[in-house]
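A short write-up of the structure that comes next.
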Amino acid sequence: MRRPTLEAVAARAGVSRSTVSRVVNGQPTVTPDIRDVVMRAVDELGYVPNGAARNLVTQRTNSVALVVSEHPDRAFSDDPMFSTVIRAASLELETAGKQVVLLPAGSPESHARVEKYVAGGHVDGVMLVSGRGADPLPGALTRLRVPVVSYGRPAAPVAVPYVDGDNVGGAKQAVGHLLERGRRRIATIAGPLDMTAGQDRLTGYREVLRDSDRRSIIAVGDFTRESGAVAMRQLLADDPLLDAVFAANDLMAIGAMRALREAGRGVPDDVAVVGYDDVEAARYTDPPLTSVHSPHAEQAAAMVRLLLGLIQGDPAEPLVMPTRLVVRSSS
């Protein structure tokens, strides 16, 4: 069977082809009664709009790129942050009738491929996830004049709207909680310092300790379990008397708890532990992990809405969402 055409719908409805086109493209310049007649003809004939032809007219692809600027070994590892963001963004785009295109960008070669793909007009906008300070991609994409938003405050000095959690405030809640529990030698396992999440959570830790006249005890990890274990062993060697540790994400906190157990230190009796993100696994550690809840799914959905507004020409301002401390047995 031949595919029904606009002309066939127009003949069935008794209106012009241009009127049918305005109706199926959602233009508001058609009276409700005419719109009803046209939509009835569309249903009767089983007409399906030609997406490619519509895109030529609107110059829209109805596709959005989700660019993950991280090595695939980490982006597609067991770090639940990435899967949460990808799933929530995809669901929000599906609700809006848009398609998501996932583009890994963890190497200079993949950066070039992403830039070429976006420059080719294949997407209407770009969402950036997990950028680092030296990442040239945000600047390159903004020069292409394509709408771009970032999941997290960009580390690179570019004017890109973003959605983030209150990383400084969340870290302050975590360290303040440890002080309230009477802990005196509080260390931290910081995240990568070329990422704003790592920088901001370390800033929050330092500000609370400075105000309480405590000294900072710092090791740096890379948001993985193994780096948390290595950093914890380093911290114990540097200060065997420490009695608390704030890890800048839950995976590092879980690694730290393993290292403490191997060193014969009880949690929380000897060393209290607090993480960040409040991933599902935090409820099932032994003991269950106190953690700062960061609303990753809500942030991802807000990022999508911010980008869709930009595509429509709306102004965009950065959005910082609140965090909250979830207290469990580890502290």
(Q) Let me make sure I get this right: for the chain, a, b and c are the square roots of the gyration tensor eigenvalues over alpha carbons, sorted descending. Under 1.5 in a/c it's rounded, otherwise prolate if a/b > b/c, else oblate. Which is it? (A) prolate
**Q.** Positive-end extreme of charge dipole, the chain - chosen from Ala316, Ser331, Leu6 (charges on Cβ)
**A.** Leu6
Q: For the stretch 114-204, report the accessible area per residue in Å² (1.4 Å probe, heavy atoms, rounded to an integer).
A: 38
(Q) Restricting to Cα pairs below 8 Å that are 6+ residues apart, what does the relative contact order work out to for the stretch 119-196? Please round to a whole percent. (A) 30
Q. Angle, helix 80-95 long axis vs. longest principal axis of the chain, Cα atoms, 0 to 90°, nearest 10?
A. 20
Q. Can you work out the FRET efficiency for the pair Asn25 and Leu91, with r the C-beta to C-beta distance and R0 = 25 Å, to the nearest 0.05?
A. 0.50
Q) So what is the 222 nm mean residue ellipticity for the chain from helices alone, if each DSSP H run of at least 4 adds -39500 (n - 2.57) and you divide by all residues, rounding to the nearest 500 deg cm²/dmol? A) -14000 deg cm²/dmol
Q: With the full set of protein chains in place, find how many percent of the accessible area of the chain is carbon and sulfur; take the probe as 1.4 Å.
A: 52
Q) Non-local amide H neighbours of Val101 (under 5 Å, H modeled in plane, Pro and chain starts lacking H): which ones? A) Val64, Ala65, Leu66
Q. Could you list, bin by bin from short to long, the percent of Cα-Cα pairs of the stretch 104-207 in 10 Å steps?
A. 14, 38, 24, 15, 7, 2
**Q.** Listed peptides 205-215, 129-139 by packing density, highest first (mean Cβ within 10 Å)
**A.** 129-139, 205-215
(Q) As a test of the definition: which semi-axes, in Å, follow for the stretch 198-331 when you take the square root of five times each eigenvalue of its alpha carbon gyration tensor? Largest first, please. (A) 32, 17, 13
(Q) If I stretch the segment between Leu144 and Asp43 completely, what's the gain in nm (0.36 nm per residue apart, minus their alpha carbon distance), one decimal? (A) 32.3 nm
Q. Angle, helix 296-311 long axis vs. longest principal axis of the chain, Cα atoms, 0 to 90°, nearest 10?
A. 40
Q: Calculate how many DSSP beta bridges within the chain are antiparallel, expressed in % of all such bridges and rounded to the nearest 5.
A: 10
Q: For the stretch 225-331, give the share of DSSP beta bridges that are antiparallel, in percent and rounded to the nearest 5; count only bridges with both residues there.
A: 30
Q | Highest to lowest packing among 243-252, 308-317, 284-293, 146-155, scored as the average C-beta count within 10 Å | A | 243-252, 146-155, 284-293, 308-317
**Q.** For Tyr162, distant residues with modelled amide H under 5 Å away
**A.** Ser150, Leu319
Q | Computed lengthening from Ser63 to Leu179, 0.36 nm per intervening residue step minus Cα-Cα distance | A | 36.9 nm
Q: Using the Cα centre as the reference, give the magnitude of the dipole from point charges on the C-beta atoms of the stretch 188-331 (Lys, Arg: +1; Asp, Glu: -1; all else neutral), rounded to the nearest 20 debye.
A: 180
Q.
Quick check on packing: order 63-70, 114-121 by the mean number of other C-beta atoms within 10 Å, highest mean leading.
A. 63-70, 114-121
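The values are calculated or read from the model by the stated rules, or taken from the named source; none is laboratory data. Fair warning: this is a prediction, and the values are worked out from it, not measured in the lab. When we count neighbours, we look across all protein chains shown, and the Cβ atoms used for this are built from the backbone with ideal geometry, even at glycine. Quick note on the areas: whole protein, heavy atoms, side chains included, nothing else; ligands and nucleic acids left out. Shrake-Rupley method; radii C 1.70, N 1.55, O 1.52, S 1.80 Å.
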